[in-house]
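The values are calculated or read from the model by the stated rules, or taken from the named source; none is laboratory data. These numbers come from a predicted model, not from an experiment. We place every Cβ from the backbone using ideal geometry, glycine too, and count neighbours over all the protein chains shown. Note: areas computed on protein heavy atoms with side chains; ligands, DNA, RNA excluded. Shrake-Rupley method; radii C 1.70, N 1.55, O 1.52, S 1.80 Å.
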Amino acid sequence: MYEVIRATEHVVQNIDDKVKQLEEAIGRKAAKSFEEYCEMCGEIKGLLTARNFLTDLTKNMEKLDD
(Lines give C-alpha, C1' and ligand atoms only; values in the text may rest on other atoms or scores of the structure.)
Protein backbone atom coordinates (compact mmCIF):
# COMPACT_ATOMS: atom_id res chain seq x y z
CA MET A 1 0.00 0.00 0.00
CA TYR A 2 2.97 2.29 0.63
CA GLU A 3 3.76 2.29 -3.10
CA VAL A 4 0.25 3.49 -3.93
CA ILE A 5 0.50 6.29 -1.38
CA ARG A 6 3.84 7.35 -2.83
CA ALA A 7 2.37 7.30 -6.34
CA THR A 8 -0.56 9.51 -5.32
CA GLU A 9 1.85 11.91 -3.61
CA HIS A 10 3.83 12.09 -6.87
CA VAL A 11 0.68 12.87 -8.84
CA VAL A 12 -0.30 15.54 -6.29
CA GLN A 13 3.11 17.16 -6.73
CA ASN A 14 2.66 17.17 -10.51
CA ILE A 15 -0.76 18.77 -10.07
CA ASP A 16 0.72 21.42 -7.77
CA ASP A 17 3.39 22.19 -10.36
CA LYS A 18 0.82 22.56 -13.15
CA VAL A 19 -1.43 24.79 -11.01
CA LYS A 20 1.56 26.99 -10.20
CA GLN A 21 2.42 27.30 -13.91
CA LEU A 22 -1.14 28.29 -14.75
CA GLU A 23 -1.31 30.81 -11.90
CA GLU A 24 1.95 32.37 -13.04
CA ALA A 25 0.67 32.55 -16.61
CA ILE A 26 -2.48 34.30 -15.42
CA GLY A 27 -0.33 36.67 -13.38
CA ARG A 28 1.72 37.49 -16.48
CA LYS A 29 -1.53 38.14 -18.37
CA ALA A 30 -0.64 35.37 -20.82
CA ALA A 31 -4.28 34.76 -21.73
CA LYS A 32 -4.94 36.37 -25.07
CA SER A 33 -8.69 36.60 -24.53
CA PHE A 34 -11.27 36.39 -21.79
CA GLU A 35 -12.22 32.95 -23.12
CA GLU A 36 -8.64 31.72 -22.74
CA TYR A 37 -8.51 33.21 -19.23
CA CYS A 38 -11.69 31.33 -18.31
CA GLU A 39 -10.24 28.10 -19.72
CA MET A 40 -7.12 28.52 -17.59
CA CYS A 41 -9.23 29.18 -14.49
CA GLY A 42 -11.34 26.11 -15.28
CA GLU A 43 -8.24 23.99 -15.64
CA ILE A 44 -6.99 25.18 -12.24
CA LYS A 45 -10.36 24.39 -10.68
CA GLY A 46 -10.37 20.89 -12.18
CA LEU A 47 -6.80 20.20 -11.08
CA LEU A 48 -7.53 21.36 -7.53
CA THR A 49 -10.62 19.14 -7.41
CA ALA A 50 -8.55 16.15 -8.53
CA ARG A 51 -5.90 17.07 -5.96
CA ASN A 52 -8.49 17.07 -3.19
CA PHE A 53 -9.76 13.65 -4.27
CA LEU A 54 -6.22 12.26 -4.22
CA THR A 55 -5.32 13.73 -0.84
CA ASP A 56 -8.56 12.38 0.64
CA LEU A 57 -7.79 8.97 -0.83
CA THR A 58 -4.27 9.05 0.61
CA LYS A 59 -5.57 9.98 4.06
CA ASN A 60 -8.13 7.17 3.98
CA MET A 61 -5.51 4.65 2.87
CA GLU A 62 -3.16 5.76 5.64
CA LYS A 63 -5.96 5.27 8.20
CA LEU A 64 -6.57 1.74 6.89
CA ASP A 65 -2.87 1.00 7.15
CA ASP A 66 -2.80 1.90 10.85
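Here are a few things to note about the model shown:
- Dipole of the chain, positive direction: furthest Cα of A30, V12, Y2, with charges on the beta-carbon: A30
- Solvent-accessible area assigned to carbon and sulfur over the chain amounts to 55 percent, based on a 1.4 Å probe.
- For the chain: accessible area per residue (Å², 1.4 Å): 78 Å²
- Helical runs assigned H by DSSP (4 residues or longer) give the chain a calculated mean residue ellipticity at 222 nm of -31500 deg cm²/dmol, each run adding -39500 (n - 2.57) before division by the residue total.
- Computed extension length for D56-N14: 13.5 nm, one decimal, from 0.36 nm per residue of separation with the Cα-Cα distance subtracted.
- Dipole magnitude (debye, nearest 20) for the chain, charges at Cβ of Lys, Arg, Asp, Glu: 240 debye
- Options (i) 103; (ii) 91; (iii) 60 - which one matches volume of the Cα convex hull per residue in Å³ as calculated here: (iii)
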